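Derivation of every value follows stated rules applied to the coordinates shown; laboratory data play no part. Just so it is clear, the structure is predicted and the values come from calculations on it, not from any experiment. Ideal geometry is used to build each Cβ from the backbone, glycine not excepted, and the neighbour counts take in all protein chains shown.
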Amino acid sequence: MPEFSKILVANRGEIACRVMRGARERGYRTVAVYSAADSDALHVEEADEAILIGPAPAAQSYLDIERILDAARCTGADAIHPGYGFLSERAAFAEACARAGIVFIGPDPEAIRVMGDKAESKRRMIAAGVPCIPGYQGEGQSDATFIAEADLIGYPVMVKASAGGGGRGMRIVTAPEGLADALRAARAEAGAAFGDDRLLLERAVIEPRHVEIQVFGDRHGNIVHLGERDCSIQRRHQKVVEEAPSPAVDPALRARMGAAAVQAAASIGYVGAGTVEFLLAADGAFYFLEMNTRLQVEHPVTELVTGLDLVGLQLDVAAGKPLPFGQDDVALRGHAIEVRLCAEDPASAFLPQTGPVHLWSPAEGEGVRIDHGIRAGTDVSPHYDSMIAKIIAWGADREEARRRLKRAVEDTAILGVPTNKAFLAEILGSGEFAAGEATTGFVARHYPSGSADAATPPAWVPVLAAALHSVRGGAGWRSNGWMAATVTLGSGRFSVRRDGEALLVSGEAGETRLEIIAQDEDSVRFDIGGHRRLARYAFEGATLWIAADGGAWAFADTTHTVRRAADEGAGGSVRAPMNGVVTMIDAVEGERVKRGQRIAVLEAMKMEHQILAPMDGVVETISAHVGKQVATRDILAIVRDGAAA
C-alpha cells in the first residue's frame, strides 16, 4: 500500500485551494507551487509551504514537469495532486511521478493515454459495448477518406480533433461542400493547440443534452458511479452551468447510463475519479463522447447531492484504500447547480478580461457554497484561464436550488474586473432553464453575439457615487460650514451639499436627498426617500466601483483629475483618471482651449468619461490617439498657459 504524508498541488486558483482543504482535513501537509504572476495568490498563502517554479507563462511554470518534480523533491512532497487542466491529463506527467517515486493522485498513465486520444478511446468503447455515435476514427487522414466516410455516416457531421478537448479543432458540417474547409481549419487549430492534427468524424447530434457520469474506481476491483451531471448550457463547447441530477434523466435512464459509464471505466482498469461524458438525444438514446481522467470543475454538485468528499476519496484511493461504499449505497438527495464566474465581458463576445480585483465579497446563505482562489488585491492574469470562482447552491428540489443560486450570484460582489455575473443571473432566471429544458444550443440560440450589456445603472447609483466621492474627499467643507461641492462623474455633473445629517445631491435629473446610515471601508447602507439599500464599493485612485442590485459600475471623478492637473503648474498635464480606451480626441496641437473644454473621451467599464482642459491655454501636445489603451495617470495631452505660437 503506497504511503505519503505531504501533497504537492500542481495547480493554482480555486482548485488548488479546494485540494489543499481536502488534504488538510485528512491530516496531510500541503505544498503549493506558483509562478511569478501568482506570488500573492490565495493558494500560496493557504499551503504549508510554497515554491516558485518559474515565470508567468504556463509553459515555463505550471506545465513544466521537471520544475514541478524539483519542487516536490525540494520540499519532500511524496504525492502530487494535479487538480484539473495543466498537467492533469498528461500521461507523461503520471509516468514521471512514478519514476521519481512520487504518488500521482490520479489514474494510471495508460488510462490517461487511452482516453486522451479521442479516436483510440472511441475504438476501445465500441469494443467494450459502450454506445457510441456513428462515425469514423481510422488512421487514414486524407481529405478523400473523410469525404467518403462522411457520405456513409450522413450529414450533418462533426469534425473533431483526435487529441485534446475544450472545443478546439471542432467543426459542424451540414453539407458536403463545407467539409474540405472544415477539415483544413480543424487540422490547423488542432495542430496549434495539441501538436497533433489528427481528426475524426462523428454524426452530429443536433441540440442534445450533455450528460456526464461521475465514476470512481479503486485498486481492489471496485468501480461505482455517483449519478449524473447535466452540463448542457455551454458556450463554444465550454461549460457555463452544471447541475445534478439532470432534469432529463429518470431513475431507469440513470441506471442505464451509469452502467455504461462503469463498463467504460472497467474496460481500461480505471482507478480514481473520472467522468464519462455522453450526449443524450431527444429520443432518450445516449452516446459516449469522451472520458475525462481527472477531477472535474463541476465536482461540487455531485458532492452536494451525494454527501461524498470526492477529493478525500481521491486521496484514500491513492493511498491504496478500498472505496468505503458500494453502488447500492449511493443515494442522490436534493438538487445542486453550479455556475462558473469568469473574468470576461459577455457584451463584447465574452472577451477575457484582466486586471486587479479591488473588492471580493462572496455571497453567503443556506445551501450556498463558493469555491474560489481570489481576494481583494488579486490580479486576474492574462496567462491563465478566465474562471475565477464557482458559485454553487443546493436545494431540497431543483427550483429551490435555482432560486438560491440566482440570489447567490446576484449577491456576490466583485469589483475592478468585468465578469459574466449578470449573464449567469440572466440564464438562471430564464424560463427555459427554470423549466429544465435547456440543451447544448441554449447559449448560441439566445446569445449568438454575447449577452446584452447591463451597464445602465439605476438612477440612484450615480447619486450614491457622487455622494461617496464627495464624502471621501471632504469636498465642500469650509471653515464656516458645509458648502456645495461640484463632482464630475464622466459626462455627469453633480452638486453635493449638506442638509443636516443628509446630503442633497443635484444633477440633471433633479435633487435627491440621501442619508448615509452606516458605512465601513467597503459597504454602505443608505436611505433615499425612505427606501433603504445596501451597496458594496471600492475606490482605486479617482475611480469608484459600486456593486448593487446584482450589477457593478465604475465612476471616475474627473473633477479631481482637473484639479490635480491644474496644480501641476503652467504646463497642465491632462491625465487618464483610470484604465481605459481613448474613443475620441476633440482637440489638436496648437488649438486654444478654455478651462473645462473637452479634450478627449475615455471609455472604461462600459462608461464614457470626458477628459477636460485644466485651464485656459494652448494645447501643446496630444499624446494619445483614438483606440489607444491607457493606464491610470497616463498623460493624454499637455495644455500650457499663454498665447498660441
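A 19 angstrom limit on the alpha carbon distance is what I want to check against. Which of Lys239/Lys406; Lys118/Lys390; Lys118/Lys321 exceed it? In this structure, Lys118/Lys390; Lys118/Lys321 lie more than 19 Å apart at Cα. Remark on Glu344: its backbone amide H falls under 5 Å from those of Gln353, Thr419, Asn420, a criterion applied only to residues 5 or more positions apart or on other chains, H modelled at 1.01 Å from N. Per Stokes-Einstein, at 20 °C and 1.002 mPa s, what whole-number D in µm² s⁻¹ belongs to segment 6-105, with the Kirkwood radius over Cα pairs as the hydrodynamic radius? Translational diffusion coefficient: 166 µm²/s.
When the charge dipole of the chain is built from unit charges on Cβ atoms (+1 for Lys and Arg, -1 for Asp and Glu) and taken about the Cα centre, the candidate among Met615, Ala127, Thr378 whose Cα reaches farthest toward its positive end is Met615. Dipole magnitude for segment 134-203: computed about the Cα centre from +1 point charges on Lys and Arg Cβ and -1 point charges on Asp and Glu Cβ, it is near 220 debye.
Each Cα pair of segment 482-559 feeds into the Kirkwood radius, which the Stokes-Einstein equation turns, at 10 °C and 1.306 mPa s, into a diffusion coefficient of 118 µm²/s.
Taking the Cα centre of segment 460-556 as origin, sum charge times position over the Cβ atoms of Lys and Arg (+1) and Asp and Glu (-1), and report the length of that vector in debye to the nearest 20.
Dipole about the Cα centre, nearest 20: 200 debye.
Packing-based ranking of 310-322, 209-221, 437-449 yields 209-221, 310-322, 437-449, ordered from highest to lowest mean Cβ neighbour count within 10 Å.
Across the chain, the volume of the C-alpha convex hull divided among the residues equals 185 Å³ per residue. Computed from backbone phi with θ = phi - 60° and the Karplus coefficients 6.51, -1.76 and 1.60, the 3J(HN,Hα) list for segment 76-90 is x, 5, 10, 8, 10, 9, x, x, 10, x, 6, 9, 5, 10, 9 Hz; x is used for glycine and proline. Packing here is the average count of other Cβ atoms within 10 Å per residue, and on that basis the peptides 626-636, 394-404, highest first, run 394-404, 626-636. About its Cα centre, the dipole of segment 109-240 is roughly 340 debye, where the only charges are +1 on Lys and Arg Cβ and -1 on Asp and Glu Cβ. Let me see the pair-distance distribution of segment 209-446: every alpha carbon pair, 5 Å bin width, integer percents in order. P(r) over segment 209-446, rounded to whole percents: 1, 6, 14, 18, 18, 16, 13, 8, 4, 1, 0. Note on Lys6: aspartates and glutamates with a C-alpha under 15 Å away, same-chain residues under 8 apart excluded, are Glu25, Glu46, Asp48, Glu49, Asp70, Asp78, Asp316.
Of all aspartates and glutamates in the structure, the ones whose alpha carbon falls short of 16 Å from that of Lys160, not counting any fewer than 8 places away in one chain, are Asp117, Glu120, Glu139, Asp143, Glu149, Asp181, Glu189, Asp196, Asp197, Glu202, Glu277, Glu290.
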